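**Q** Here you go, one structure.
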Amino acid sequence: MDFKEIRELIRVFDKSELNKLKVKEGEFEISMQRGFESGVTTVTTSAPVAQVSSVSAPVAISAPVAETVVRAAGETINSPMVGTYYSSPSPESPAFVKVGATVKKGQTLCILEAMKIMNEVEAEFDCKIVEILVTDGNPVEYDMPIFVVEKL
């Protein structure tokens, strides 16, 4: 399996409803699993050294995994851009929202940093925060679920 095939396999796995996948092709073996607390896909491989080194880049592609698992659990608020997620305006400040909080339309939920610009993400409707899917300081991708919410 080459780099492009591995990347495509990870992309397809992320968009599927599968929780576990194991593929073996000759000496090459790859396993993917989702469902850990952080929502990260775990990718393990067993292959000759030359192939393993080409796998290191796709392993970092783990953030979108929560999407398939979460959409079934309820309404989500997704990232409007690629950036870095921050739950509060500064490290010393309390988080904008916590699990269980009731949020009004227009209330700030988090900050996404993109190109050194801090962008506030606001609630588009009144809701209750059921789950926060991203941890502070982690990257998010466009349209990636950040919060699971219950509309009020």
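**Q** Can you flag which of LYS15/LYS151; LYS15/LYS98; LYS4/LYS98; LYS15/LYS105 are past 31 Å Cα-Cα?
**A** Details: LYS15/LYS151 25 Å; LYS15/LYS98 27 Å; LYS4/LYS98 39 Å; LYS15/LYS105 29 Å.
The pairs that break the limit, which is 31 Å between Cα atoms, are LYS4/LYS98.
**Q** Kindly give the semi-axes, whole Å and largest first, of the ellipsoid equivalent to region 73-151, taking each as the square root of 5 times a Cα gyration tensor eigenvalue. Intermediate results must be reported in sequence, preceding the final value.
**A** Values: eigenvalues 69, 38, 25 Å².
Value: 19, 14, 11 Å, ordered largest first.
**Q** Give the aspartates and glutamates reachable from LYS22 as a straight Cα distance under 17 Å; neighbours fewer than 8 places away on the same chain don't count.
**A** Counting by Cα, and skipping residues close in sequence, LYS22 has these aspartates and glutamates nearby: ASP2, GLU5, GLU8, ASP14.
No value in this document is a laboratory result; all are computed from the given coordinates. Since the model is a prediction, treat every value here as computed from it, not as a measurement.
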